[in-house]
Every structure is written in C-alpha cells, then in structure tokens.
Amino acid sequence: MSARETVREIGDEAAAWATRIDSGLVNPDVDEGLLRWLDEDPRHRGALLRAEAALSFVDRGRALAGVIPKPAPRPIWIRRKLTLAAAALLAGLIGAMMLLNGSHRYGTGVGEIRQVPLSDGSVVAINTQSTLEVAMHPDMREITLARGEAWFRVAHDKRRPFIVSAGRIRVRAVGTAFSVRRHDDGAEVQVTEGVVETWTVGEEDRRVSVAAGSRAYVAEYQPPKPVPALGDIERSLAWREGQIVLEGETLDEAVAQFNRYNNKKLVISDPGLAAEKLVGQFHATDPQTFAEAVATTLGAQVYEQGDTIRLSRSVQ
C-alpha cells in the first residue's frame, strides 16, 4: 500500500471490509486478504474497528424512542442486499469520524442507549439519562461524564492515555474495557477487560488499580475500594443490550432499575412485596411485562393509572 494513502482511502477500504464481514462473506479470523490488509498499515486495525462499530450503530438505528436493543439475527440473503451506495455512505461516516477533533458532547434521554464510535478507534456505550463530553488531544483522550453511566472499549494507544472524569473522580486506561457510573457522592467503576487506575483529585498518591472482574466505588472524599465481582459486573452491564438481568435482587431493587429506563414508573404499594427476591431477564423498556411476571410469581395485583404501574398484594 502506498505511503501516501489518505485517511479517506483508509476509511473507504475499512468500510468495504466491515460490510463484507457483516454480510457473512468474509471470516475475519482466516481471510488472507483481510489479514494482509490489516498488516499493511498500523492504521488499518483502528479503521476497521471504527467501521464495524459505525456499521453496528447504523444497523441498530434509533427506533423505538432511541432504544437500541440487541438486533435479532437476519438471514444472510437479506444482509447481502447492502448496496454500494450504502457502503459509500458508511465510508463517508467513517471518514468524518476519523477527522473529528476538539470537544464533542453526547447525551441520552429516558430509555435511550447509544453506541458511539470515537475518532481514536474506541467505542462508547452510553446508558439512559447520561451526558458526556469527548475531547481528543495530542497527548491525552479526555472524557467528562457529567451524569449517568457509560461503558468504554478503549483503543490501545500508550502515547495518549484515556482518562474519564466524573466530578472529582478520575479513571485512567490505555487499552481496556470498563464502565463508570456517577452517583451523588462519587462514582462506581467496573472493569470487564484489562486494568484501570482510579483516584480522587487531590488524592493522587492514593491511586488504586482495578483489574478485570472487579469493581471499585470511589467516593468524593474517601479512597477507592476494589471488590471482586465478575458475575455481578456482567449482569449489571446487560443494559448495553437493552436488558435487565435479575438474580436474587429484591423487588424494590428491580423497580429502581426499571424506573431508570421508563417514563411509566413502577410503584410498590404493598411494603411486604418490596423485599421479595426475583430471578429473570427482561427488556429494560417493558415495565408492563415485568409487572405481569411479578403478578404471576409473587401473587401480586397490578394496577395501571396513567404513567404509574402499581404493585400490591391487596385489592385496591
């Protein structure tokens, strides 16, 4: 490949490879042409990652009030109908993202989940009611989480550490995957791959490393406290697929989770129900089905009044 290859040319080629992979025409693990292309230029791997992330984002769209559930598998013969015009549109999107610089702000509403490919090859999944700002600098990648929660798959770049700020909390990574959720008095950090370093501004000498399978709660004015919890982490991040997974949480805890994603709120009218424990997997934006499951499992009564779904054991 020519040393004069431009960002736009790389974006076009990456979009074409991503389209072939998505259609099932190419096996990315064994295809010699793809592997050769990836080895030709160190920029190619990052470009392909951006292309695949952007294609996933385009495929999912913003239907159903912006909620992005995990798409059902489509027959290959349908997927192959992606036209050259669509591939060209995707290539333009990739090229534009590769040229992005400066600060960019992203936000989600109630029940909305967004997946955003960044210009460095990283990908961000943004949970409901969240706001963050992305700034790419020559020596640092800076993310400011103003509210809510986000999960980051960070592209490896030792020259530019990836730093997330959540109030006075800082989380630093180079190439890994982790989430940060803001709370009133601090932030929860969960690591799914690699290792991150976290600390509080003014307490830089008390930094703590958090490895894959662990979480840490970093209070505004207290040292971070790592806690191993692999299973809990995977369940707590099911929101990336639009799901809520319960394995022994109380009804009170489950209701709090559902109410993050819906304008129609669940209310427990009978205090005796609140401590009951539940197991199951549900769509985060479907409180009605969850309420029906509670009624069946716990013998509860369900009453809908406007934007409220009431759960009770007694007749209202």
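For segment 106-168, which whole-number percentage of the solvent-accessible area (1.4 Å probe, protein heavy atoms only) is attributable to carbon and sulfur atoms?
Numbers: 1030 of 2090 Å².
It is 49 percent, rounded to a whole number.
Return the Rg/Rh value of segment 139-291, two decimal places, where both radii are evaluated on C-alpha atoms and Rh is the Kirkwood radius. Can you show the working numbers first?
Numbers: Rg = 17.0 Å, Rh = 16.6 Å.
Reported Rg/Rh, Kirkwood definition of Rh: 1.02.
Taking all protein chains together, 156, 44 sort by accessible area into 156, 44, largest first [probe 1.4 Å]. What separates the Cα centres of segment 271-316 and segment 119-162 is a distance of 37 Å. Among the protein heavy atoms of segment 193-316, carbon and sulfur supply 49% of the accessible surface, probe 1.4 Å, non-protein parts ignored. For the set 144, 308, 176, solvent exposure ranked by accessible area (probe 1.4 Å, protein chains only) runs largest to smallest as 144, 308, 176. Looking at segment 137-276, the accessible area is 45 square angstrom per residue; that uses a 1.4 Å probe and ignores ligands, DNA and RNA.
The values are calculated or read from the model by the stated rules, or taken from the named source; none is laboratory data. These figures come from a predicted structure and were not determined experimentally. Accessible surface is based on the protein model in full, side chains and every heavy atom, while ligands, DNA and RNA are left aside. Shrake-Rupley method; radii C 1.70, N 1.55, O 1.52, S 1.80 Å.
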